[in-house]
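The values are calculated or read from the model by the stated rules, or taken from the named source; none is laboratory data. Worth saying up front: this structure is predicted, and the values here are computed from it rather than measured. When we count neighbours, we look across all protein chains shown, and the Cβ atoms used for this are built from the backbone with ideal geometry, even at glycine.
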Ligand SMILES: [Zn+2]
């Protein structure tokens, strides 16, 4: 029988508001946890403005994790090897997950925020650039979300650690049907102004 998830994905600004407390990222001048708007509009170099429906985009990506990654035995085995020693399904069975928006600090733009962040508990966050990418390819946003779930499962956030440790969270993508998005530069909490990487 297919695995199914009994809990909810709460989306800050969109659903589950009463249950959501937004944490301090510890780097509020650079990026904060905030709420999503229902839609985001953008234009690519001289192109016509496009609008992305935020909730549907996030839920499509999440459904990929629930229906493709979580039933995969290779993916669960890989999660079990992380410091939290939990299969992905066991991590998810711990309760609801909150998705928050990574909002740029004063004077920064959406292109400056890291691709993802997490509170080490049940909250994952990502910026609007990831949502826009996810509208074009749901597996792209699913990869960002799964990377952050790997941190919730104990994967190191120490970018200065030895390479195997620093790349732990990103490495799960290869075993979780998201290997096409594996980024060898996605180390721990590296953050540079000119190039936003994963948190
Ligand atoms: Zn990371």
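The table for this structure:
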quantity: Pairs, first in contact (Cβ under 8 Å) with a residue 40 or more places away in the chain and within 18 Å of residue 182 (Cα to Cα) in region 152-172, second within 9 Å of the ligand (Cβ to nearest atom) and assigned to a loop (DSSP other than H, G, I, E, B), C-beta under 7 Å, six or more apart; calculated: 156/188; 157/188; 157/189; 168/155; 168/156
quantity: Residue among 94, 105 that is over 21 Å from residue 40 (Cβ atoms) and more than 12 Å from the ligand (Cβ to nearest atom); calculated: 94
quantity: Qualifying position, being touching a helix residue (DSSP H, G or I) at 6+ places or on another chain (Cβ under 7 Å) and either surrounded by 19 or more Cβ atoms within 10 Å (Cβ to Cβ) or within 24 Å of residue 114 (Cβ to Cβ) (or both), among 70, 43, 74; calculated: 70
quantity: Failed criterion for residue 145 (all others in (1) in contact with a helix residue (DSSP H, G or I) (Cβ under 8 Å, 6 or more places away or on another chain); (2) in a loop (DSSP other than H, G, I, E, B); (3) more than 10 Å from the ligand (Cβ to nearest atom) hold); calculated: (2)
quantity: Residue within region 155-164 that is within 15 Å of the ligand (Cβ to nearest atom), assigned to a helix (DSSP H, G or I) and surrounded by 19 or more Cβ atoms within 10 Å (Cβ to Cβ) present; calculated: no
quantity: Where residue 87 falls short, out of the listed (1) in contact with a helix residue (DSSP H, G or I) (Cβ under 8 Å, 6 or more places away or on another chain); (2) at pLDDT below 95; (3) crowded, with 17+ Cβ neighbours inside 10 Å; calculated: (2)
quantity: Any chance residue 196 is more than 10 Å from the ligand (Cβ to nearest atom), modelled with pLDDT under 80 and surrounded by 23 or more Cβ atoms within 10 Å (Cβ to Cβ); calculated: yes
